[in-house]
Every structure is written in structure tokens, then in C-alpha cells.
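*Asks:* One structure coming up, written as C-alpha cells, with questions to follow.
The values are calculated or read from the model by the stated rules, or taken from the named source; none is laboratory data. On a predicted model such as this, the values are computed, not experimentally measured, just so you know. Here the Cβ positions follow ideal geometry from the backbone for every residue, glycine too, while neighbour counts run over all protein chains shown. All accessible areas refer to the heavy atoms of the entire protein, side chains included, with ligands and DNA or RNA removed. Shrake-Rupley method; radii C 1.70, N 1.55, O 1.52, S 1.80 Å.
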Amino acid sequence: MSHAAIGYDISEVARIIGAEATIHKPALIRYLVTDSRKAGDPDASLFFALKGTAHDGHDYVEDLFRQGYRNFVVNTPPPNQEIMAAANVLVVKEPLRALQDLAAHHRSQFSIPVIGITGSNGKTIVKEWLFQLMREDKNIVRSPKSYNSQLGAALSVWKLHPDNELAIFEAGISQPGEMNYLRKIIRPTIGLITNIGHAHDENFRDHSEKAKEKIRLFDGCETLVYCKDHEIIHKEVTHAEFLKNTQMFTWSRKTNANLVIAKTEQTGNTTYIKGICQNKFLNITIPFTDHASVENAIHCWAILLHLGYDPEVIRNRMKFLPPVAMRLELKEGINGCSIINDFYNSDLESLNIALDFLKQQQQHAKRTVILSDLLQSGQHKENLYGEIAGMLEKKGIQRLIGIGPDISSQAPHFPMEKSFFRDTQDFLTSFQELQFHDETILLKGARHFGFEQISRLLQQKAHETILEINLTALVHNLQYFRSRLNPETGIMVMVKAFSYGSGSFEVANMLQFHRANYLAVAYADEGVALRKAGITLPIMVMSPQPSTFDAIFLHNLEAEIYSMQLLDAFIHAATRFSKDLNTKVPVHIKLDTGMHRLGFQEEDINQMIVKIRNSRALHIKSLFTHLAASESSHHDEFTRLQLERFDRMCDTILPHFAYPILKHALNTAGIQRFPDAQYDMVRLGIGLYGMDVSGNAGKNLQQVGTLRTTISQIKQIRSGETIGYGRSGKALRDMITATIPIGYADGYDRRLGNGNGYMLIGGKKAPTVGHICMDMCMVDVTGFNVSEGDEVIVFGEQLPLPVLSDAADTIPYELLTGISERVKRVYVQE
């Protein structure tokens, strides 16, 4: 990630961060880079080699040096003497602390008002709404997306520029002691704490300790805004000695405050809020009805009142608060396209983030951006669109479609294939002429332009049942399991069975981006499809068939070999292939230590060794086994017996080969329960998707999939009437049913019928009625306030998949892998 400031001489940077510096040439540093995959201008960039749970930035210094980068912050000098002889190398004890020190110094150069926001929920939405509400009046710098961590806050503050008149930054913490660093970086003059919730509960004794840590951000703050109804926050703020001289601006529904909320009233899709401030009745109307949005809007109202905004101006602007796109959506499009939706707001920072997400997608060679005018940017049009043109070119965008008079007037700036339209309707009229085929398309537009119409045209038609895959949760789960491994232990991730129903390519692409070591598929055609989509990671094929051997060779896949018969057939094919290319073919040898499904047994080992050595065509990449019951403490003795057998078999095989061979045995449950048996690699399966098969992960895993649909029809059923096939559902009273467009052909198990399962509608449980049909089912919504078209959650965070699998007397694997491919997948990144 790179972020620009006004510029610091490299020698000045070295002084600020207290580095031991080797400087060979002058450099004006404007960009801070922490991710080599998102690097920008080499001459003006300073790369900080940060160490994380998965990666060490020092491993990428040489790559960046070859790309022309010459400024590095490291904690150990690079061993490559060419770098030391030509680059500016700043050696510090902790590169992250050095980056924070540099950001804190940069912050000290500004005396503008800075709003610092913390809390468990709502930080990003409040920040974005404040930006929307005040952008007409002030030049505002703000945190990109949800950049609120120890790293994100520093990169956000680095964006401060002399033209800015107001800054809005988030601060998020996950454990005690972190807020002190963020306070020094952000140094807010106006503070806002939204609420205290359950996020990161595991790292704090209780919510009081969490509140104490969060309000540390406001030490030295001039004004603090908060809701007195949050009793823990009010108590800790009142008792904090360092806040004694801080002015408070409070709001409350229950007690005396600067802003007293007298009334909230929902009408349709809007909420009317009446308040009293300085003995005057005020009111706002917002285009949302949920509790969280109401609270977030009142926080914004309080800030604006404190800043002296005219109540009528506030009222007029609150009516048009936009939804905040907290995530990017990746959907299947027409004519083999992939569609990225990010059209609720449009500014340079969010465009940069969306372009990075677009760049990650490897399924198509062609990348297209459909971009509207950027409204109220505060920049001159020529400068703004010149900068955007440079961004698009650096990110490898082949085609631009511009919508709006401003971007159209700046067409000469854009060197790629391009077309421009006055407005969205003009684009829609010309849609058929634009010929979208086999490309990844980013939709990025201000809300005013109504890009929802374009999205509907580009999306592949499908019924309203969708499986939403949260790629951010997937990454979280990957990092959780990675944190339980030794740094040198690799991860093979199972993407077989359509990635447990989640969609193979999109998941594999994310895993490649986050540097998994290996992928595993069930069949060769799955691996071939991933190769054609641009996946370059090593891929193990678990069930190679003789008819697919040539495909395995040609697409650089690696076969699992588990029997003598398969070994003979593979040697014959590999000998022919290796003669043609003068290379050895990699294989993975499966050993049966007690699962008794597939694998060589101990009595087969010597014959297997002889065959592989004599063939001279094979290269063993790994030896592995599969644990039968690693999730169950009742079978721990048997699991240890399997591991002992595995060690014994490996000890027999390894001396016969003069090259390193990987060993792996642990599956998802084994990673959690047998940390001493990590060997060289582990195999992560269902745990990646948020399933805690061992019961040891607690709240550390996040559910990845949400299966959602809508109500097709609502019916009034009289007592005594029957519902569905076989008349198996019977109304014992007058009741109301909703017909839901999902059935066993979509993967909704028939065993969940007749009240065995339920769905969530408006947060309430709606039990099934009658048999599950092929394409639909019925649920009981008696007493619900529902309408046709309302959303239905089949499973998700509030209705975990294991609840359904228990009701169906099966396992989560079966339900997840059974979701039909006719159910549209939507991928989101938060």
C-alpha cells in the first residue's frame, strides 16, 4: 500500500525515525510503501519491511530493488551487496514503529482540526458520513475505507496535506496498550466514541477495560462527543483524570445532555429524529431505519452541532446520506465477464483501493473500468483526471468507459481504449454496441449516477437465491490458522469440490494473493481450470485418473499417488513425458497409517521405493497421510498411533532419496489439536470456511458463507388445509406461509422439511412446512410482518451452518458442498 504526503528528504526521514542510515543519492519521499504488490512511484517511495504473521517484508526488498526502488527501512541490512552499494538503506529496530514515528512527526506539522473516531462499531460509517456532510465546505482528508489499525492509522495521517482544512481519522484496537501509539499518531482535537461492543472481547477482561483503553485516544483532546446512554462509556469518561479539562458534547435519549433525543419515528424507508439542543427543537430525517444507522446519524448530528453548523443546513444534508459501501462485490457477469461493484461513493482514495482489488483478479487478461465523474473533489478538473489517468495506467487498465460531463471533457488524458457518455442513460442506450466479453469490469460511480442500472445489465441472469462468500472472513480464517503454525510451516489449502461449494477460482485467487504454499483439488480438470484462470501456485491433484495424466503434465499439476497400480500407470506415462522435456515429474505419495481409504501400507513401502528409484522419471515432492479422527479427544491415542506409523514409514523412505521431501499430516482439526505434528506443511480444509470442527477455535473463526434468498409469495392458509407434496404439511390453525425459491436442486436438504429446519426472516425463525420441493419450499411466517420480496437468510452468521447440519442429521461439509452451481455466487471484500 502506498500513500503520498508533501515530501521529506531521505536524510530528514532518517533523522526523524532515528535510523542508522546508508545514503547514496538524494531522494524526496512522498510515498510510504508496505506492500510490494501495491507499490507506486519508485523514485519517491520509501519501503518499510514489516514483519507479519504470514510475510516478512525483508523477503521482498530484492524484488523491489530490481523494479527500481532505492529507499528502504529495514531492521537488518540486506545481505545483497548490490543493494547496499546503490540504495538508501535505513536500519531501525522496528520498522512499524519507525513508520509510526514518521507519521506522528508529519501530524505535528499541522494545526487544523482533527476528528478522531473510535468505538467497537460504526467508526467507518460515521467517518464517511461526516465527510459527505462537510465536503462542500472544507477540504477534508480522511482514513481510506477502514484504515484504523497500528499501520492503517499511520498511513492515513501521512495523507495530510497543506491544502487540508479538516481531518477525520479512525482508531481501532484489538488489545490493551495499542491506543497509546494511535493517540501519538492521530492527536485528535475533537473526539468521538461510538459504542462499546463485543469485537475483540477475548483480549480484554471486560467492557470497562476496553472502554478505558479506547478513551486513551482522547488524552489532550479539546472536545469529546459521546452518548451518555452507553453507561460504561459515560462512567469511564467521567472517571478519567486526563479528560478533566476536555469539553464534553453529549447526547442522550434518557437524561440531560447537550443534545436530547425526544423522538424517533420510522416511516417507510426513512427515520424522523427530533431533538432539543440549547433549548431549541431541532429535527433531521435520514434515509435509513435500522438502529445502527440511527445511532450513527445522531453521532454525526452532534459533531455538526458542536462545529456550529446551521440546523437547517444539517437537516437538508442528512436527508441525502448515502449508503456506505463497506465492501467490494465480485459477481459473475454476462459473456464470461466478472463484475466488481463499488458504486456507492467515488473519490480518489476509494478508487485506488478498488483498483487494487481489480488488479488482484487474474481470471481475465482484460480489465475495464466504468467510472463516473468524481463529484466535489476540490481539485481542478484537469489535475484530477490527469491523476486518475495515471492511476489507471499504473494499474494496467486496458479500457475506460467514462460517464459524466467532467470526465468526458478530459478524454485526452486517458491513453487506453476509451469511450465517454454524457450520463448513465446515454450509456444504457449504447450498451449493446460496447461488446463486453471475457473481461473483469469495475463499476465505480458516485451515487448520483445510478450505476445500479449498469450492474443489473452486466450481471449474469439468475434467480434471487445467492451464496455470498466473504473473502475478508476467508482471509481472517487463513491468518488465524497461520498464527498457530511455526513460521517455517507451509499451508496447503483444499479447494476441491468447488472450494467446498464456495467457488474454486475466486477462493484460489485470494489464496494466491495471500501466499498460500499449495492448493489441492480432487480432479485434474479442476486444476486445469485454475491454471487457465491464471493461478500459478503448486496444485496437488488428489484423484488423478489415467485419462487425465497428459493434462496433469501439460498444466504443471502434481499428482497424488496412493497405490501400486496407479504408480505403475503414472510411471509409464511420466517416462514418456519426461523424455520429451528432459525433466522429472513431481508426485505426492500418500501413506495409509490407519484411515484405510487410500494410501500405501507399510508392507508396500520397499516395492514403492524401488519402482520410483528405477523409473528415474519421478520426483517426490511430499509424503503425507490423513488422520481419521483428529477432531475427537476420544481417539487421541489412535491419532498418535497414526503419527508414529507416519514417522516410521517416512524414516524408511527418506534415506533412499538425495533431495529434500516435504512431510504433512495435519488437517484442520489436527492444526488446532496436535501442534507438535506440523512437519513441513499442513492441509487446511473446512476450517478456512469458518467451520470449527475441533471445538477449539472459539470465536476466532468467522463464517464465510451466507446463503440468502427472497420470499416469492405469501399465502393465507385455513386450519385443516395441507401444504406441499404428499400433503405432509398440515395447518393445525389458521396460518400464513411464505414460499421460498430454494429447494433440493439448489442444495437445501430434503431432511430439513416438515419443521426440521428453519430460515431467518426479519431476524425471526420461520420453520419449514411440508416437504422440501425441487426448486422451492414453504415456511411458517404466522405473526411476522413480512412482504413478498423480503430477504430470507438460509444460513449465515445469525444461523450458523452447523445448526442446519445438526437438524438434517449430517455434517456441515455435506450441506456446503451440496449447494448447486446454479446458485449464483457473490464475492465480497470488506
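*Asks:* Can you give me the number of residues within the range 417-469 that are in contact (Cβ under 8 Å) with a residue 24 or more places away in the chain, closer than 28 Å to GLU128 by Cβ and among the polar types (S, T, N, Q)?
*Replies:* Counting residues in the range 417-469 that are in contact (Cβ under 8 Å) with a residue 24 or more places away in the chain, closer than 28 Å to GLU128 by Cβ and among the polar types (S, T, N, Q) gives 5.
*Asks:* Out of GLY705, GLY690, GLY670, GLY724, I need the residue that is within 20 Å of ASN486 (Cβ to Cβ) and surrounded by 20 or more Cβ atoms within 10 Å (Cβ to Cβ). Which one?
*Replies:* Working: GLY705 fails: within 20 Å of ASN486 (Cβ to Cβ); GLY690 fails: within 20 Å of ASN486 (Cβ to Cβ); GLY724 fails: within 20 Å of ASN486 (Cβ to Cβ).
Sole residue among the options that is within 20 Å of ASN486 (Cβ to Cβ) and surrounded by 20 or more Cβ atoms within 10 Å (Cβ to Cβ): GLY670.
*Asks:* With the requirement that a residue be under 20 Å from ALA573 (Cβ atoms) and touching a Gly at 6+ places or on another chain (Cβ under 8 Å), what does the range 588-640 give you?
*Replies:* If the condition is that a residue be under 20 Å from ALA573 (Cβ atoms) and touching a Gly at 6+ places or on another chain (Cβ under 8 Å), then LYS590 is the only one that fits.
*Asks:* Collect the residues in the range 654-665 that are touching a Leu at 6+ places or on another chain (Cβ under 7 Å) and crowded, with 22+ Cβ neighbours inside 10 Å, keeping them in residue-number order.
*Replies:* At the first step, the residues of the range 654-665 found to be touching a Leu at 6+ places or on another chain (Cβ under 7 Å) are 661, 663, 665.
ALA665 - this is the single residue of the range 654-665 that is touching a Leu at 6+ places or on another chain (Cβ under 7 Å) and crowded, with 22+ Cβ neighbours inside 10 Å.
*Asks:* Take the conditions outside any loop (DSSP other than H, G, I, E, B) and either hydroxyl-bearing (Ser, Thr, Tyr) or open to solvent by 10 Å² or more (accessible area, probe 1.4 Å) (or both) and apply them to GLN716. Does it pass?
*Replies:* On the way: outside any loop (DSSP other than H, G, I, E, B): yes; either hydroxyl-bearing (Ser, Thr, Tyr) or open to solvent by 10 Å² or more (accessible area, probe 1.4 Å) (or both): yes.
Taking the combined requirement at face value, the residue satisfies it.
*Asks:* While we're looking at this one, here's another question. Could you tell me which numbered condition LEU815 fails, if it satisfies all but one of (1) crowded, with 21+ Cβ neighbours inside 10 Å; (2) part of a strand (DSSP E or B)?
*Replies:* It fails just one condition, (2).
*Asks:* Out of the residues in the range 599-632 that are in contact with a strand residue (DSSP E or B) (Cβ under 7 Å, 6 or more places away or on another chain) and farther than 19 Å from VAL682 by Cβ, which is most open to solvent (accessible area, probe 1.4 Å)? Outline the logic, then answer.
*Replies:* The initial filter retains those residues of the range 599-632 that are in contact with a strand residue (DSSP E or B) (Cβ under 7 Å, 6 or more places away or on another chain), namely 599-600, 608, 612, 617-625.
The next check asks that each one be farther than 19 Å from VAL682 by Cβ; those that pass are 600, 608, 612, 617-619.
Working: PHE600: 2, MET608: 0, ILE612: 4, ALA617: 1, LEU618: 5, HIS619: 56 Å².
Step by step, filter the range 599-632, then rank; the result is HIS619.
*Asks:* Here's a follow-up. Only one of (1) part of a loop (DSSP other than H, G, I, E, B); (2) touching a residue at least 60 places away in the same chain (Cβ under 8 Å); (3) buried (at least 21 other Cβ atoms within 10 Å of the Cβ) fails for ALA520. Which number is that?
*Replies:* All conditions are met except number (1).
*Asks:* While we're on this one: Would you check which residues across the range 599-613 are of a type in the set (A, V, I, L, M, F, W, C) and within 14 Å of PHE646 (Cα to Cα) and list them?
*Replies:* We begin by selecting, within the range 599-613, every residue of a type in the set (A, V, I, L, M, F, W, C); these are 600, 605, 608-610, 612.
Within the range 599-613, PHE600, ILE605 meet the criteria.
*Asks:* If I filter the range 460-513 down to residues being of a type in the set (Lys, Arg) and either under 26 Å from LEU623 (Cα atoms) or within 19 Å of the chain's Cα centre (by Cα) (or both), which single residue comes out as modelled with the lowest pLDDT? Steps first, answer last, please.
*Replies:* In the first step, residues of the range 460-513 are kept if they are of a type in the set (Lys, Arg); the result is 461, 482, 484, 496.
In the following step, the residues that additionally are either under 26 Å from LEU623 (Cα atoms) or within 19 Å of the chain's Cα centre (by Cα) (or both) were identified as 482, 484, 496.
Working: ARG482: 89, ARG484: 88, LYS496: 64.
Result: LYS496.
*Asks:* Okay, moving on. In this structure, does ARG683 turn out to be in contact (Cβ under 8 Å) with a residue 24 or more places away in the chain and more than 22 Å from ASP809 (Cβ to Cβ)?
*Replies:* yes
*Asks:* Quick one: GLU526 ticks every box in (1) crowded, with 22+ Cβ neighbours inside 10 Å; (2) modelled with pLDDT of 90 or more bar one, so which box is it?
*Replies:* For GLU526, the failing item is (2).
*Asks:* Continuing with this model, one more query. So which residues in the range 390-406 are outside any loop (DSSP other than H, G, I, E, B), open to solvent by less than 50 Å² (accessible area, probe 1.4 Å) and under 21 Å from PHE357 (Cβ atoms)?
*Replies:* Going residue by residue through the range 390-406, those that are outside any loop (DSSP other than H, G, I, E, B) are 390-394, 399-403, 405-406.
Remaining after also requiring open to solvent by less than 50 Å² (accessible area, probe 1.4 Å): 390-392, 399-403, 406.
The answer is GLY390, MET391, LEU392, ARG399, LEU400, ILE401, GLY402, ILE403.
*Asks:* If you take the residues of the range 447-459 that are modelled with pLDDT of 80 or more and open to solvent by 70 Å² or more (accessible area, probe 1.4 Å), which of them is nearest to GLU797 (Cα to Cα)?
*Replies:* ARG456
*Asks:* Going by the structure shown, is PRO586 crowded, with 22+ Cβ neighbours inside 10 Å, within 38 Å of the chain's Cα centre (by Cα) and not aliphatic (A, V, I, L, M)? Before you say what the answer is, go through the steps one by one.
*Replies:* Details: crowded, with 22+ Cβ neighbours inside 10 Å: no; within 38 Å of the chain's Cα centre (by Cα): yes; not aliphatic (A, V, I, L, M): yes.
For PRO586, the condition - crowded, with 22+ Cβ neighbours inside 10 Å, within 38 Å of the chain's Cα centre (by Cα) and not aliphatic (A, V, I, L, M) - is not met.
*Asks:* A further question follows. Of all residues in the range 125-155 being among the small types (Gly, Ala, Ser) and open to solvent by 40 Å² or more (accessible area, probe 1.4 Å), which is farthest from the chain's Cα centre (by Cα)?
*Replies:* Checking each candidate, the answer is SER149.
*Asks:* So LYS184 fits all but one of (1) open to solvent by 50 Å² or more (accessible area, probe 1.4 Å); (2) in contact with a Leu (Cβ under 9 Å, 6 or more places away or on another chain); (3) in a helix (DSSP H, G or I); what number is the exception?
*Replies:* Every listed condition holds for LYS184 apart from (2).
*Asks:* Moving to a separate point now. Taking ALA85 and the conditions (1) touching a strand residue (DSSP E or B) at 6+ places or on another chain (Cβ under 6 Å); (2) touching a residue at least 60 places away in the same chain (Cβ under 8 Å); (3) surrounded by fewer than 20 Cβ atoms within 10 Å (Cβ to Cβ), which numbered condition does it fall short on, given that it satisfies the others?
*Replies:* Unmet for ALA85, out of (1) touching a strand residue (DSSP E or B) at 6+ places or on another chain (Cβ under 6 Å); (2) touching a residue at least 60 places away in the same chain (Cβ under 8 Å); (3) surrounded by fewer than 20 Cβ atoms within 10 Å (Cβ to Cβ): (1).
*Asks:* Within the range 389-416, count every residue that is within 25 Å of the chain's Cα centre (by Cα) and touching a residue at least 40 places away in the same chain (Cβ under 8 Å).
*Replies:* The qualifying residues number 4.
*Asks:* Let me ask something else about it. Name every residue in the range 762-785 that is surrounded by 19 or more Cβ atoms within 10 Å (Cβ to Cβ) and either aliphatic (A, V, I, L, M) or part of a strand (DSSP E or B) (or both), in order of residue number.
*Replies:* ALA766, THR768, VAL769, ILE772, MET776, CYS777, MET778, VAL779, ASP780, VAL781
*Asks:* In addition: Quick one: would you say VAL682 is touching a helix residue (DSSP H, G or I) at 6+ places or on another chain (Cβ under 7 Å), in a strand (DSSP E or B) and of a type outside the set (Ser, Thr, Tyr)? Lay out the reasoning, then the answer.
*Replies:* Working: touching a helix residue (DSSP H, G or I) at 6+ places or on another chain (Cβ under 7 Å): yes; in a strand (DSSP E or B): yes; of a type outside the set (Ser, Thr, Tyr): yes.
Judged against the criteria, VAL682 is a match.
*Asks:* Restricted to the range 156-178, and to residues that are modelled with pLDDT of 90 or more and among the hydrophobic types (A, V, I, L, M, F, W, C), which residue is farthest from the chain's Cα centre (by Cα)?
*Replies:* Among those residues, the one meeting the criterion is LEU166.
*Asks:* Check off (1) at pLDDT 95 or above; (2) of a type outside the set (A, V, I, L, M); (3) crowded, with 19+ Cβ neighbours inside 10 Å for PRO113 and give me the number that stays unchecked.
*Replies:* Among (1) at pLDDT 95 or above; (2) of a type outside the set (A, V, I, L, M); (3) crowded, with 19+ Cβ neighbours inside 10 Å, the lone unmet condition for PRO113 is (3).
*Asks:* Report whether or not CYS300 is modelled with pLDDT of 85 or more, crowded, with 17+ Cβ neighbours inside 10 Å and farther than 21 Å from ILE286 by Cβ. Full working, then the answer.
*Replies:* Values: modelled with pLDDT of 85 or more: yes; crowded, with 17+ Cβ neighbours inside 10 Å: yes; farther than 21 Å from ILE286 by Cβ: no.
Taking the combined requirement at face value, the residue does not satisfy it.
*Asks:* Tell me which residues, restricted to the range 466-479, are in contact with a Ser or Thr (Cβ under 9 Å, 6 or more places away or on another chain) and open to solvent by 10 Å² or more (accessible area, probe 1.4 Å). Spell out the reasoning first.
*Replies:* Keep residues of the range 466-479 that are in contact with a Ser or Thr (Cβ under 9 Å, 6 or more places away or on another chain), which gives 466-470, 474, 479.
Across the range 466-479, the qualifying residues are ILE466, GLU468, ASN470, GLN479.
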